[in-house]
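Here's the structure, in structure tokens; my notes come after.
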Amino acid sequence: MRSGHRLGRRFGWLWGAYGTSALGTWLAFGAFPLIAIQVLHAGPAEVAALSSVGAAVGAAVAVPLGPWVEFRRKRPVLIAMDLVRFAALLTVPAAYALGVLTFPQLLLVSAVVAAADITFRAASGAYVKTLLPAEDLLVANARFESTAWTTTIIGPPLGGAAIGLLGPVVTVVADAVSHLLSALGIRAMGGHEPGPEHREADRMRAGDLLDGWRCILADEVLRPLFFNTALFNGLVMATQPLLAVLMLGRLGFAPWQYGLAFAAPSIGGLLGAQLARPLVTRFGQRRVLVAAGVARALWPVGLAFVGPGTGGLLLVTGVELGLIFCCGVFNPVYATCRLQLTAPGRVARTLSAWAVTAKASTALLTAAWGVLGALLGPRTAIALAGVLLLATPLLLPRRAADRSVGGVLVEE
């Protein structure tokens, strides 16, 4: 885990594929809400539904895919999910060009992409655990996190500029192409992948669908971490459609300003990800998880006070900077802890259950906050989410796996 440690050629291809698709996703940041608002003239409730219903349906579709992925080689699954996302996203610009784009189509595409995202994440986590030794997992997760924030810095401003010049549909094309390039990169990895765990029964049983949740709820560290991340991420994401309506509609910010407000603070995420491993080395996993988990909950309430003009833009940027820095530290540490504590033959099921719950809780909270935004106004709903986020540190685990030595987890 020393600085500059090489993780191998195959990991390099996987890392590059991840960066390519992440850049495409951030180029299309906010594209679906913008299409709904500007092209289909949707209101706050419809914009919230676009995020919530699509994610909920996608999560439901992905439930049986976790056990299915567990007993298959992961690299072909990764390629297949990239191609599914490529094909689904490409239908949006095609329908727009033909003048037949509808709101139900946006919902359907968002559901397909959500299901493919969940399956891809479950397969990639299981694949990384077989690709790298345990002592390199934090290095790998920190690199993924750094890449995620780097693409966040680059993507939204470029996407916002492209939207301003060519309209929001062009960024959906870029997102689709990025998944195609990711599939080609993963295919180019080569090498031998170990065969999946032997399955006792030929057919999937109903109980298999719940195996991931059983693993999570049975572990005294994963259980609170699971509830903490689901609630935190759900509440943060639930405010995004409302913030888009508030900033792009009532406050009159341009799309490039909206993108900049979320892109520039991502420098904090990049810095946080770089500091995650040194902090864990010095203070231990539990202390870093708790400190970063508490600190990240303090920032979102500030978004309720955004106003028009330069002052409002600086406020959003500052709040996002603090929030993203804390998340940049927290995310790779918690992802590593989760992989360490999950048995090799259950990683795909556990990560799939985790992602399904995250999508479902985000969908539920986004729908609820869409209704609250319509009833109380976007600003009040954003403030309520910020207040509730202040309580999420109560769900952080009191213990955490500090490191893995010779395959044995040492608890701090």
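The table below lists the values:
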item: Using alpha-carbon coordinates, inclination of helix 137-166 to the longest axis of the chain, degrees; result: 20 degrees
item: Degrees between helix 169-187 axis and first principal axis of the chain (Cα, 0 to 90, nearest 10); result: 10 degrees
item: Cα gyration tensor shape of region 257-320, rounded if a/c is under 1.5, else prolate or oblate by comparing a/b with b/c; result: oblate
item: Estimated inter-spin distance, A374 and F305, nm [label 7 Å along Cα→Cβ]; result: 3.1 nm
item: Separation of the E135 and A80 label points, Cα + 7 Å toward Cβ, nm; result: 3.6 nm
item: Accessible area per residue, Å², region 4-117 with all protein chains present, probe 1.4 Å; result: 42 Å²
item: Whether region 226-377 is rounded, prolate or oblate, judged on the alpha carbon gyration tensor where a/c under 1.5 counts as rounded; result: oblate
item: Share of carbon and sulfur in the accessible heavy-atom surface of region 149-299 [1.4 Å probe, %]; result: 65 percent
item: Under the Karplus curve 6.51 cos²θ - 1.76 cosθ + 1.60, θ = phi - 60°, whole-Hz ³J(HN,Hα) for region 307-320, x wherever Gly or Pro sits; result: x, x, x, 4, x, x, 5, 5, 5, 4, 4, x, 4, 5
item: Rel. contact order, % - alpha carbon contacts under 8 angstrom, at least six apart, the chain; result: 29 percent
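The values are calculated or read from the model by the stated rules, or taken from the named source; none is laboratory data. Since we're looking at a predicted model, the values are computed, not measured. Neighbour counts run over all protein chains shown; Cβ positions are idealised from the backbone, glycine included. Quick note on the areas: whole protein, heavy atoms, side chains included, nothing else; ligands and nucleic acids left out. Shrake-Rupley method; radii C 1.70, N 1.55, O 1.52, S 1.80 Å.
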